[in-house]
Amino acid sequence: MRLDWEIAKRGWRRYAAYPWATVAGAFTNTVFGFLQAYILLAVYRHRANVGGFDQADAVTYVWLAQSMIMTVYIFSWWELAWRIRDGSIATDLARPLDPQRYWLAFDLGRAPYHFLFRGLPPFVIGALVFQLHWPSPLDALAFVVSLTLAVVVSFGFRFLYNSAAFWLLDFRGIVTLSTTVVIFFSGMAIPIRYFPHALRELCYALPFAAVIQTPVDVWLGKRSGLDLAGVLALQVVWALALLGLGKLALGRATRKLVIQGG
Amino acid sequence: MVDGILVWRRLVGAQIRSQLQYRMSFALDMTGTFWISFIDFFVVLTIFHNVPRLGSWTVHEVAFLYALSAITFAVTDLLIGHLDQFPQKIRDGNFDIVLVRPRGTLLQIVASDFATRRVARVLQGVIVLVYALSGLHIHWTPAREAVLLASLPSAAVIFSSIWVVGACIAFWTTDGGEFTNAFTYGGTTMAQYPFDIYSAWLRRFLGYFVPLAFVCYFPALYVLGKPDLLGVPHFFDFLSPAVALVAACIAGSIWRFAVRHYRSAGG
């Protein structure tokens, strides 16, 4: 546990080392937040409710999603894949520490940094300009739990597609396709609730909703009582399942691993 | 100028040949790029699944805007999108090599990489354009054809100018590169929708100061025969080429200013 904490601290520091990158990124998220907010507001000129979201829900979704984009690290993550490709993974495997546990601890140190410095500033600006939906204390607490689980689910999936590099010499295509799938099915591009019925049900049945749409629904109070407990439990299930698959992939790969130079 | 184009063709030709050596990975890469570029358009379709019009615009009209923005942006991205990696060249000192060679600095940077997979994005834009035109009944006149044809290179020049100005940030801070994304990737997103849905300050800042409204909104108004609901004078529909020219001059001046004041870190 002590070791995990030390690794997590390094995860935080790695990203805290580039303050200008953080400022620039937060600025970009803010610009995208404004664009998306006005696009969705135009939808509400014609209707008061879309898929259970009213105008305030939709705008809150926009700013939450922009704030979570880096916290859950939705865009391509390559670090493990590069270590596999250049052979450094051999050193990692020689250490008395499971690489998956190492990268999970590292990611759980990174996430709070991105939440505070990449997530909060755009959200505060959005809250100053638009009328947002604010959660009840219970929903706010459940949101923190749900967001943490979202980071683990997202990590589980990222670890899995990175381990494809054990089998593929060139993994760029797989990483791009995986990222596409997450962005679309998580509700990052547009709320899942806006989709036609069948697609919407499919999205809620897949693990990717747990990355963006579930925490957003929780913040907006769309889930309560048993329903709330249910979606949080489902996030736990997806987190464990993806971590399990990742572990399996790593185990399989290391049995046949041949390092090609490096 | 002619010499510059020849150099560019040589360097880029070599890049393309080398990328085609790895067929499988190239195919996967193209497929990934193709689908990721479709997400934005699925968003448009999802919106129109819920409402018949966005402001006064139908799905085919928005698709027309989308396609113009997507195609011109994709072509720009194909030609100079790797300016995104320019901060790296400053950081590791490789820009110094460019300075001692007897060719224009910007030309060398632009010709240093060519991501052939981005052709997939141009293709995606063309597919959306076909969809848009299939649902629109544009009354083509020579004037409309001229405005549309002139708008394509103008849009690419405006996007390129934004990219070059953005790359210049790297001369002062090497880890602020993502600022540029707000105006390049953010720019193409903004230009995919009708400008009358945005608030006034956003239109002024990103529509006129960063001249994104001239990328495809004004030319599209003319081609589609739609009035600007915000009362912008009619002649704005024809200004895109002039705006592109001014933008290119400004971007060129900023680049030259930045290069003159560049101090190597001694990489």
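The values are calculated or read from the model by the stated rules, or taken from the named source; none is laboratory data. Because the structure is a prediction, the values reported are computed rather than measured. Virtual Cβ from ideal backbone geometry, glycine too; neighbours counted across all protein chains shown.
Restricting A:ILE84, A:ILE74, A:ILE39, A:ILE89 to residues that are of a type in the set (A, V, I, L, M), at the interface with chain B (Cβ under 9 Å from one of its Cβ atoms) and surrounded by 15 or more Cβ atoms within 10 Å (Cβ to Cβ) narrows the list to A:ILE39. Could you tell me whether any residue of region A:182-190 is more than 9 Å from chain B (Cβ to nearest Cβ) and not in a loop (DSSP other than H, G, I, E, B)? Within region A:182-190 (the criterion being more than 9 Å from chain B (Cβ to nearest Cβ) and not in a loop (DSSP other than H, G, I, E, B)), the answer is yes, since at least one residue qualifies.
Condition check ((1) touching a helix residue (DSSP H, G or I) at 6+ places or on another chain (Cβ under 8 Å); (2) charged (D, E, K, R); (3) within 26 Å of A:ILE174 (Cβ to Cβ)) across all residues:
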position	(1), (2), (3)
B:TRP8	yes, no, no
B:LEU11	no, no, no
B:GLN21	no, no, yes
B:ASP92	no, yes, no
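Just wondering, is there one or more residues in region B:247-261 that are modelled with pLDDT under 90 and hydroxyl-bearing (Ser, Thr, Tyr)? Among the residues of region B:247-261, not one is modelled with pLDDT under 90 and hydroxyl-bearing (Ser, Thr, Tyr), which makes the answer no.
Inspect all residues belonging to region A:248-256 and state whether any of them is at pLDDT 95 or above and either crowded, with 21+ Cβ neighbours inside 10 Å or in contact with a Ser or Thr (Cβ under 8 Å, 6 or more places away or on another chain) (or both). No, there is no match, as no residue in region A:248-256 is at pLDDT 95 or above and either crowded, with 21+ Cβ neighbours inside 10 Å or in contact with a Ser or Thr (Cβ under 8 Å, 6 or more places away or on another chain) (or both).
Of all the criteria given as (1) without any contact (Cβ under 8 Å) to a residue 40 or more places away in the chain; (2) within 13 Å of chain B (Cβ to nearest Cβ); (3) of a type in the set (Gly, Ala, Ser), the one not satisfied by A:ALA16 is (1). Of all residues in region B:145-171, those that are touching an Asp or Glu at 6+ places or on another chain (Cβ under 9 Å) and either closer than 20 Å to B:HIS261 by Cα or of a type in the set (Lys, Arg) (or both) total 3. Residue under question is A:ASN49, and the condition is that it be within 12 Å of chain B (Cβ to nearest Cβ) and crowded, with 19+ Cβ neighbours inside 10 Å; does it hold? Criteria not met by A:ASN49. All of (1) under 30 Å from B:GLY104 (Cα atoms); (2) surrounded by 16 or more Cβ atoms within 10 Å (Cβ to Cβ) hold for B:THR33 with one exception: (1). Residues that are within 14 Å of another protein chain (Cβ to nearest Cβ), hydrophobic (A, V, I, L, M, F, W, C), more than 30 Å from A:LEU80 (Cα to Cα) and touching a helix residue (DSSP H, G or I) at 6+ places or on another chain (Cβ under 7 Å) do not occur anywhere in region A:151-168. In this structure, B:GLY93 does not satisfy being touching a His at 6+ places or on another chain (Cβ under 8 Å) and surrounded by fewer than 16 Cβ atoms within 10 Å (Cβ to Cβ).
Name the one entry in B:ALA111, B:ALA74, B:ALA155, B:ALA120 that is modelled with pLDDT of 95 or more and either of a type in the set (Ser, Thr, Tyr) or out of contact with any His (no Cβ under 7 Å at 6 or more places or on another chain) (or both). Explain how you work it out, then say what you get.
Values: B:ALA111 fails: modelled with pLDDT of 95 or more; B:ALA74 fails: modelled with pLDDT of 95 or more; B:ALA120 fails: modelled with pLDDT of 95 or more.
Testing whether each residue is modelled with pLDDT of 95 or more and either of a type in the set (Ser, Thr, Tyr) or out of contact with any His (no Cβ under 7 Å at 6 or more places or on another chain) (or both) leaves just B:ALA155.
Of all residues in region A:76-87, those being farther than 16 Å from A:LEU169 by Cβ and modelled with pLDDT of 85 or more number 2. Of the helices (runs of 4 or more DSSP H) lying entirely inside region B:127-227, those carrying at least 2 residues that are within 26 Å of B:PHE38 (Cβ to Cβ), touching a residue at least 60 places away in the same chain (Cβ under 8 Å) and more than 14 Å from chain A (Cβ to nearest Cβ) are B:142-168, B:217-224.
Residues checked against (1) among the small types (Gly, Ala, Ser); (2) closer than 27 Å to B:MET190 by Cβ; (3) crowded, with 22+ Cβ neighbours inside 10 Å:
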| residue | (1), (2), (3) |
| --- | --- |
| B:LEU68 | no, yes, yes |
| B:LEU78 | no, yes, no |
| B:GLN85 | no, yes, no |
| B:LEU99 | no, no, no |
| B:LEU106 | no, yes, no |
| B:ILE109 | no, yes, no |
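A:THR179: at pLDDT below 95 and either within 14 Å of chain B (Cβ to nearest Cβ) or out of contact with any Asp or Glu (no Cβ under 7 Å at 6 or more places or on another chain) (or both), yes or no? Even if it seems obvious, please write down each step before you answer.
Numbers: at pLDDT below 95: yes; either within 14 Å of chain B (Cβ to nearest Cβ) or out of contact with any Asp or Glu (no Cβ under 7 Å at 6 or more places or on another chain) (or both): yes.
Here the answer is yes, as A:THR179 does meet what is asked.
Residue count for region B:209-238, restricted to those that are surrounded by fewer than 17 Cβ atoms within 10 Å (Cβ to Cβ) and closer than 15 Å to B:VAL157 by Cα: 0.
Considering region A:33-109, the qualifying helices (runs of 4 or more DSSP H), each wholly inside and each with 1 or more residues that are without any contact (Cβ under 8 Å) to a residue 12 or more places away in the chain and farther than 16 Å from A:ILE192 by Cα, run over A:79-86, A:89-94.
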